[in-house]
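Read the structure below first, then the notes.
The values are calculated or read from the model by the stated rules, or taken from the named source; none is laboratory data. None of the values given here were measured: they were computed from a predicted structure. Cβ sites come from the backbone with ideal geometry, for glycine too, and all protein chains shown count toward neighbours.
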Amino acid sequence: MSEKKVKSKPKTASKAKAAKPEAGKSSKAKTDKASKKEAGKEVKAKESKAAKVLEGKAVKAEEKTAKADQDLKPTAKEKTGQAEINIGMVGHVDHGKTSLTQALTGKWTDTHSEELKRGISIRLGYADVIFYKCDHCKGTEAYSTKPVCPTCGKKSKKLRKVSFVDAPGHETLMTTMLSGAALMNGAVLVIAANEKCPQPQTEEHLTALKMAGIEKIVVAQNKIDLVEMPKAKENMKKIKGFLEKKGYDKVQIIPIAANFAGNIDLLIESMEKEIPTPKFDLKKPLIMYCARSFDINKPGSKLKEMKGGVVGGTIIQGKAIIGEKILIRPGIEEKEISTDIRSLSCSSGKLKEAIPGGLVAIGTGLDPSITQNDRLRGQVVGTEKSLPKATTELDTEISYIKRVVEKVEEKIKSNEPVVLTIGTMAVVGIVTSISGSKAKISLKNKVVVLPGQKIAVSKKAEGRWKLIAYAVAK
C-alpha cells in the first residue's frame, strides 16, 4: 500500500511540472497581446498626429495660395484712374485679335449677340489693363499684368494703364475699323503664322494706320503653336518683307500663342519700348471723338430717378471738367446740341476730370432718348472755341494708296459715290467735280472736319467699300 502511494507522487509532480510551462505560455501570450494593443494605439496616435500635421500644412498651403491669388489682384487704388494711351488691335479676320486682347486684359470683347453667334468682331471692343515691371527680375520675365511678379513673387512697379481698342477684321467692316483708328495712339498688328502673308485686311489695316498717322506699332506673329519652326521662320521673313514695302522696316515682330498666353511678357516689353505714351496739350480747348452713346436708365425708372444720356469716346485735346458747358456737332437733324457735363467716368470708376488717353464716358443733361443705341456715334464733342462749323461741302486734296495684295481701280470719277470716314463718323458723299488730285465732294449729312485732318476715302469695288485714298480738306 505504501509503495503504491510512493509511486503515485512522481506522477503528480510531473503533472505540476507540465502545467507550469502551459501557464507560462498563456501569461506570455496575454503579455504579447497587451503589448501589441499598446503598440497599435501608439501607431494610431502617431498616424493621427501625422495626419493633423499634414492637414495643417495643407490648410497653410491653401491660405498661402489664397493670399498669393489675392496679392495678384489689383488693389482698389490700382484699379482707379484713367488709361494713359489707346493701343489698337488690328489685322485680318480670324488672326486672333480678340484672343490676344483677352490674353492681355482677361476680357473677351465680343459681347454683342451677333458677334457671339458668328464668331467674329462686329463692333469696336474695349478693354483696359495695367502693365507692371518687377525690379527684382531681369529681362523679359520682369514684365507682366500682375501687381505681384509671377516669377519671383515680389511686388512689381506699375508702368502705365493701357486701353486696347479691338477692331473688326472682316472686309465688310472696314469703315468700323477706320473709325477705331481715329481713337488709337499706337497699334498691335496681329498676323497669323499659319496663313499666307499678307492677307487683304492685313494690308488694308496697316494702310489705314499709316493714313491716320500711327507709326508706333508692334507686330504680333500669332498662332505659332499651330506650325512647325521652319514654317514660322518662313512666315516671319514674309512679314518682314511686307512691312518693308509699306515703310515699316524697323518694326519689332514678336512670335506669340495668344490662346496659351505664350510670349505675352515679351509683347508687353515690346509695347513699352516701341509705343510710348504721347504728350497732350491740356491747355487747348476740349475736343473728343464720340465712339458710342447710350441710356443708363433701367426700364421702369421713376422720373425723379432718371439720369441724362451718356456719350463715350476719346479726348484728343484739352480736358473735360464737371460743370463745363459743351457742344455736340454736327448734332441731330443738322442741329447742334448744347448741354453740360454732369459726371465723368472710365472703366475703373468715376473721375473728377478727364484728359486724353483711354476711353471716357461723359454724363450729360440730355434726354436719354437722344443718346440711346449709339445715336450720337461719330459726333464731335467740344466747345464753341474748339469746334469748326458743320458742313456738307468739302474741297479736298486726294492722295491715292498703293496696294500690294489687291488691285483696285484707284481713281475716283465725277458723280461717283464715295464713303468718307472723318474721325469716328462714316458718311456717304458724291464727287461733284475732280481735277487731278483736287476733288469737291457733296455729303449726304453734315460733318465736322478739324484743320489738317486726314479723311479716309473708300469707293465701291467688287460689291464692297474699299479704302483707296485719303483726303485733306482745305
Note on SER433: of the conditions (1) in contact with a Phe, Trp or Tyr (Cβ under 9 Å, 6 or more places away or on another chain); (2) surrounded by fewer than 21 Cβ atoms within 10 Å (Cβ to Cβ), unmet is (1)
Exactly one of LYS335, LYS350 is within 20 Å of VAL129 (Cα to Cα), surrounded by fewer than 22 Cβ atoms within 10 Å (Cβ to Cβ), modelled with pLDDT under 95 and not acidic (Asp, Glu), and that residue is LYS350
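What are the residues in the stretch 296-319 that are in contact with a strand residue (DSSP E or B) (Cβ under 9 Å, 6 or more places away or on another chain) and of a type outside the set (Lys, Arg), if any?
Residues of the stretch 296-319 in contact with a strand residue (DSSP E or B) (Cβ under 9 Å, 6 or more places away or on another chain): 296, 307-319.
Across the stretch 296-319, the qualifying residues are ILE296, GLY308, GLY309, VAL310, VAL311, GLY312, GLY313, THR314, ILE315, ILE316, GLN317, GLY318.
Which residue is nearest to the chain's Cα centre (by Cα), if the candidates are limited to the stretch 270-291 and must be within 30 Å of LYS133 (Cα to Cα) and of a type in the set (A, V, I, L, M)?
We begin by selecting, within the stretch 270-291, every residue within 30 Å of LYS133 (Cα to Cα); these are 270-282.
So of that shortlist, the ones also of a type in the set (A, V, I, L, M) come out as 271, 275, 282.
Numbers: MET271: 13, ILE275: 16, LEU282: 27 Å.
Looking at residues that are within 30 Å of LYS133 (Cα to Cα) and of a type in the set (A, V, I, L, M), I get MET271.
Could you please find all residues in the stretch 274-285 being of a type in the set (A, V, I, L, M, F, W, C) and modelled with pLDDT of 95 or more? Before the answer, list the steps.
Initial filter on the stretch 274-285 (of a type in the set (A, V, I, L, M, F, W, C)): 275, 280, 282.
Correct list: ILE275 only.
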Flagged in the stretch 355-405 as surrounded by fewer than 21 Cβ atoms within 10 Å (Cβ to Cβ), touching a Pro at 6+ places or on another chain (Cβ under 9 Å), farther than 16 Å from ILE422 by Cα and among the small types (Gly, Ala, Ser), in numbering order, are SER386
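Residue-wise test of (1) assigned by TED's automatic domain parsing to the domain that holds GLU334; (2) farther than 30 Å from LYS245 by Cα; (3) at pLDDT 90 or above.
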| position | (1), (2), (3) |
| --- | --- |
| GLU397 | no, no, yes |
| LYS402 | no, no, no |
| VAL418 | no, no, yes |
| THR421 | no, no, yes |
| ILE441 | no, yes, yes |
| VAL449 | no, yes, yes |
| ALA461 | no, no, no |
| TRP465 | no, no, no |
| ILE468 | no, no, no |
Condition first: among the hydroxyl-bearing types (Ser, Thr, Tyr), free of Cβ contacts under 8 Å to residues at least 24 places away in the same chain and farther than 15 Å from ALA83 by Cβ. Can you find one or more residues in the stretch 328-341 that meet it? yes
Going through the stretch 223-245 in order, the residues found to be closer than 15 Å to LEU209 by Cβ, in contact (Cβ under 8 Å) with a residue 60 or more places away in the chain and crowded, with 17+ Cβ neighbours inside 10 Å are PHE242
Of the residues in the stretch 89-139, those that are buried (at least 21 other Cβ atoms within 10 Å of the Cβ), modelled with pLDDT under 85 and farther than 28 Å from SER345 by Cβ come to none
Within the stretch 221-269, residues being part of a helix (DSSP H, G or I), under 16 Å from the mean Cα position of the chain (by Cα) and among the small types (Gly, Ala, Ser) number 1
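Select, from THR175, THR151, THR140, THR145, the only residue that is under 17 Å from THR207 (Cβ atoms) and either free of Cβ contacts under 8 Å to residues at least 24 places away in the same chain or β-branched (Val, Ile, Thr) (or both). Outline the logic, then answer.
On the way: THR151 fails: under 17 Å from THR207 (Cβ atoms); THR140 fails: under 17 Å from THR207 (Cβ atoms); THR145 fails: under 17 Å from THR207 (Cβ atoms).
Exactly one of THR175, THR151, THR140, THR145 is under 17 Å from THR207 (Cβ atoms) and either free of Cβ contacts under 8 Å to residues at least 24 places away in the same chain or β-branched (Val, Ile, Thr) (or both), namely THR175.
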